[in-house]
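Just below is one structure, and these are the notes that go with it.
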Amino acid sequence: MIISNRMKNLHPYVPGEQPKDRVYIKLNANENPYAPSPKVQETVIDFVKNHPEKMGVYPDPDSNELHAAIAEMINKTGGVLCRAQVSSDGSVTPSPQDKIPFTVTPDMIYSGNGSDEVLSFVFYAFFDSSTKFVMPEFTYSFYPVYAGFYNIPMDTIPLKSDWSLDTETMLAHSAENKGGIIFANPNAPTGIGLTRNQVREMLEKASPQEIFIVDEAYVDFGGESCIPLLQDFKNLVVVRTFSKSLCGAGQRLGYIVANPELVNYVTTVKNSVNHFPIDALAQVSGTAACKDPAYYVDCSKKVVEEREKFYNFLQANGFYVLKSETNFLFATKEGLPGEELYRKVKEKGLLIRHFNTPGIENFVRITIGSPEQMSELKKAFEQIIAEL
């Protein structure tokens, strides 16, 4: 065989369905239903129209302007958009709950092509093939893909009966393995998050010599960011993305916030793979997005409002639905298997996500869309329930 043994053992990530046979209302990939800020659109048009020569030269390999803009945005919002406060003049301030007790600086930021690439480099930099890292049993399904890709042993910990993380068991296994911890907070696909104090308690018990990675892809929709904990814990890495709350899934931008030493380690990995990972257009558009936080605060608040409405709708119609701090809901209904519900919804022109994974196979994950999209989904659910 001409392929390597590593290639034979790869098990690729399976993304949300992207059909080409017809147009669906897509509520299956946790994309944001709103377009990027008008300022982003204006900036991109100006860049392509008036500065085409910049498309012919290499971009800034260190994304300095983008990193400065990300740091400024975090300081203004406290790292949670849906609770940030927008004044009449358009200025943004964090809610008291989210205020960061120090200033996030550009040297605390590393960015890459979406949080998936960032996670790949984080795995390479901090997890090792000689030790097991700890992760929840049900969480972002790219973690085990990277574990296989880099030949890193993993130790998966079942969730508690209420679908929350079993932090005590995770810590106990981490102490035994000495390989580090990773989890999404809020978690996916459950939507349940730990409070900042709960994460602090974990960090206080964990070894400072082991990496502690918190993936905050969804935190802007109601969780508590762990960025304030960076003041006290040098082994903490916070992973974030533009794909969800910053309406940028097609933009492909993700980043970490960590102490500069850890940022430098991830940068070293990046420079060993591709010195220019983020293209010029992505850097320009990402910078523009960060400079208009008020727009994204509004988008996040609208998603949260729609999420709560659909949560109440599901409960009223006999679904068991987990209380979410994300832009999706995880729900099941007795007598209606998850795969059957997914199929029936698809027949009506909408897509939701079903995981054919033992333990969660009867659940569906529903991305929160615009009011118009959610109205169509309600109609579909009502018709399906009436047929039972």
Mind checking the log10 I(q)/I(0) for the range 33-179 at q = 0.21 Å⁻¹? Debye, one equal scatterer per Cα, no solvent, two decimals. -1.26
Taking N as the number of residues in the range 300-388, the ratio of its alpha carbon radius of gyration to 2.2 N^0.38 Å works out to 1.00
Cα-based Rg then Dmax for the chain, in Å, read 20.8, 66
Mind telling me which of P94, P260, P15 comes out most flexible in a GNM of the chain, alpha-carbon contacts under 10 Å? P15
Within the accessible area of the chain (1.4 Å probe), percent carbon and sulfur: 52
Distance (nanometres) between label positions extended 7 Å along Cα→Cβ at E17 and S87: 4.9
Within the range 174-193: backbone nitrogen closer than 18 Å to the S164 label point (7 Å, Cα to C-beta): 183-193
Exceeding 25 Å between C-alpha atoms, which entries from my cross-link table qualify? They are K54/K76; K301/K378; K39/K378; K76/K301; K302/K379; K26/K302. K54/K76; K39/K378
Straight-distance crosslink candidates among aspartates and glutamates, where the alpha carbon sits under 12 Å from K160 and sequence neighbours closer than 8 are dropped: E137, E168
What distance in nm lies between label points placed 7 Å from Cα along the C-beta direction at N197 and K301? 2.7
Lysines near K178 by alpha-carbon distance under 20 Å, same-chain residues fewer than 8 away left out - which ones? K132, K205, K234
Considering only protein heavy atoms, what per residue accessible area in square angstrom results for the chain with a 1.4 angstrom probe? 45
Calculate the FRET efficiency for Q231 and E53 from the Cβ-Cβ distance with a Förster distance of 35 Å, rounded to the nearest 0.05. 0.25
Positive-end residue of P106, Y143, T131, charge dipole of the range 92-154 with Cβ unit charges: T131
Residue separation between E361 and T105 times 0.36 nm, minus their alpha-carbon distance, gives in nm 87.9 nm
To the nearest 20 debye, the range 172-224 has a Cα-centred charge dipole, built from +1 on Lys and Arg Cβ and -1 on Asp and Glu Cβ, of 120
Mind putting a number on the dipole of the range 177-332 about its Cα centre? Charges go on the C-beta only, +1 for Lys and Arg and -1 for Asp and Glu, and I need it in Debye to the nearest 20. 140
Could you check the simple spin-label distance between Q383 and V273, using points 7 Å along Cα→Cβ, in nm with one decimal? 4.3
Rg (one decimal) and Dmax (whole number) from the Cα set of the range 196-285, in Å, equal 14.6, 43
Nearest 20 debye, what's the magnitude of the dipole of the chain about its Cα centre given +1 on Lys and Arg Cβ and -1 on Asp and Glu Cβ? 580
Listed residues S129, S63, S245; largest mean-square fluctuation, Gaussian network over the chain with Cα springs below 10 Å, found at S129
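The values are calculated or read from the model by the stated rules, or taken from the named source; none is laboratory data. Computed from a predicted structure; not experimentally measured. As a convention, Cβ positions derive from the backbone with ideal geometry for all residues, glycine included, and neighbour counts pool all protein chains shown. Heavy atoms of the whole protein, side chains included, go into the accessibility calculation; ligands, DNA and RNA do not. Shrake-Rupley method; radii C 1.70, N 1.55, O 1.52, S 1.80 Å.
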